[in-house]
1. Over region 264-388, with every protein chain in place, what whole percent of the accessible area is carbon and sulfur at 1.4 Å, could you tell me?
2. Probe of 1.4 angstrom, ligands and nucleic acids ignored: what's the accessible area per residue over region 28-85, in square angstrom?
3. Show me, bin by bin at 10 Å from 0, the whole-percent P(r) of region 308-424 based on Cα pairs.
4. If you keep only loop residues by DSSP, which trypsin sites (Lys or Arg not before Pro) in region 181-233 have at most 12 other Cβ atoms within 10 Å of their Cβ?
5. Work out the length of the dipole vector of the chain about its Cα centre, built from +1 on the beta-carbon of each Lys and Arg and -1 on the beta-carbon of each Asp and Glu, and round it to the nearest 20 debye.
6. Taking +1 at the Cβ of each Lys and Arg and -1 at the Cβ of each Asp and Glu, which of Ser362, Leu396, Pro380 sits farthest along the dipole of region 357-413 towards its positive end, judged by Cα position relative to the Cα centre?
7. Can you give me the distance in nm between label points at Thr164 and Glu273, each placed 7 Å from the Cα along the Cα-to-Cβ direction?
8. Mind listing the long-range amide H neighbours of Lys29? Cut-off is under 5 Å, sequence gap 5 or more, other chains count too, H placed in the peptide plane at 1.01 Å from N.
Amino acid sequence: MKAIRGRLLTYRPAPVHEEDGLILVSGGKITAVGPASELIPDLPSDIQIEDHSGKLILPGFIDLHIHLPQTRVIASYGAQLMEWLERYTFAEEARYADPAVAEDGAQFFLDELFRNGTTTAVVYGSVHPQSVEALFTESAKRGAAMIAGKVMMDRGAPDALRDTARSSYDHSKALIKRWHGRDRQRYAVTPRFAITSTPAQLEAAGTLLAEHPGVYLQTHLSENQAEIDLARSLFPGAEDYAGIYESFGLLGSRSLLGHCLHLSPREQERLAETRSVAVLCPTSNLFLGSGLADRGALNANGIRTGLGTDVGAGTSYSMLRTAAEAYKVEQLRGRSLPAHDAFRWITRGNAEALGLGDEIGSIEVGRYADLVVLDSSATPAMAHRMERCESLEEELFVLLTLGDDRAVAATYVQGVGRNSHGSL
Ligand SMILES: [Zn+2]
């Protein structure tokens, strides 16, 4: 057993804040949480207390959309979606055929997520099964909960990155068998998007979902006008872009659809009806000039929304930076994103989007002790700004607007300190 002390903040769904709180951890899970003054007297005298007094402790952040093989694609200049894929992304993803590259990539990737306070992510591998094998192996070693899938792509990509409907089915099925539900790993069937899959491959994806009811589905939907036009021309029989996925049984409550920027009213109705999740990726959308998500309209139309970085088109691994860009997109839409709403979204909100609210995303007894410790005065500019801070809400907004990996003092996965620049 160990104890972690600090300023606790979680969402139930209203914010619950304990200025001097204590979390007890045993077997990777939270066994008690409350005011330090109440819990400390009953602790065994030899218990180890990791003291973060003065710093905020929140549930670890959850990233609903990120690409493992794009850690060396991030910050590639000057292109919109289709050209960006061809000019930068496909060449780098091809390197993941080499298991050594995949292993090295998976280690860097998880180090970087933890450095940014992200403890669970939904991850696209490359087309090679060994990319997902490497990620799950490393994640299981570190005790983390990751959701990932091998990209399915049998057209519209270079030869080296193409599988077939049959091989993508076989390889995905083998990975599901080996990894789905093992430790904390879960599988996501991952057709990249309609443009890079034949009807036969989308049908195979639908079959995988039907055969394995607990797995997720991740793909991209309605990111960029050229992409939408091409998808429509490749599937002339479909009513619209979302209709392509629906016709193959790919919409549903475990379906995570990246971007969803230019949906028609009918498409929005289909997403709401099927309880599919629209995963918004603001840094990516601004970087590639794809458009501004309309979160207000999506929510008003009953669509569940999540938030993701979309690294490498996204420009930061930090969910703080990602939520800060979501705030700016809301401003351009004439709305706002209060700080508590943003922090709720990247913790409990994203956990609920995954249907995992009873495991992660909040600091409550029985949940995994996946935690992030935040220092609101981590940089000179933040410390200077904090001299005029008068409330928790204001402090959270400073963290969002000025914070990044430097504000992450520690990251815990199952109660074990996992970041490289903390003292743990
Ligand atoms: Zn993406």
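The values are calculated or read from the model by the stated rules, or taken from the named source; none is laboratory data. Remember, predicted model here, so these are calculated numbers, not experimental data. Here the Cβ positions follow ideal geometry from the backbone for every residue, glycine too, while neighbour counts run over all protein chains shown. Heads up: the accessible areas ignore ligands, DNA and RNA and are worked out on the full protein's heavy atoms, side chains in. Shrake-Rupley method; radii C 1.70, N 1.55, O 1.52, S 1.80 Å.
1. Result for region 264-388: 49 percent of the exposed heavy-atom area is carbon or sulfur.
2. Normalised by residue count, the accessible surface of region 28-85 is 43 Å².
3. Once binned at 10 Å, the Cα pair distances of region 308-424 give 13, 38, 40, 9, 0.
4. Here the sparse-neighbourhood loop sites are Arg182.
5. About 460 debye.
6. Projecting each Cα onto the dipole axis, the largest value belongs to Pro380.
7. 3.6
8. Under 5 Å from the amide H of Lys29: Ala369.
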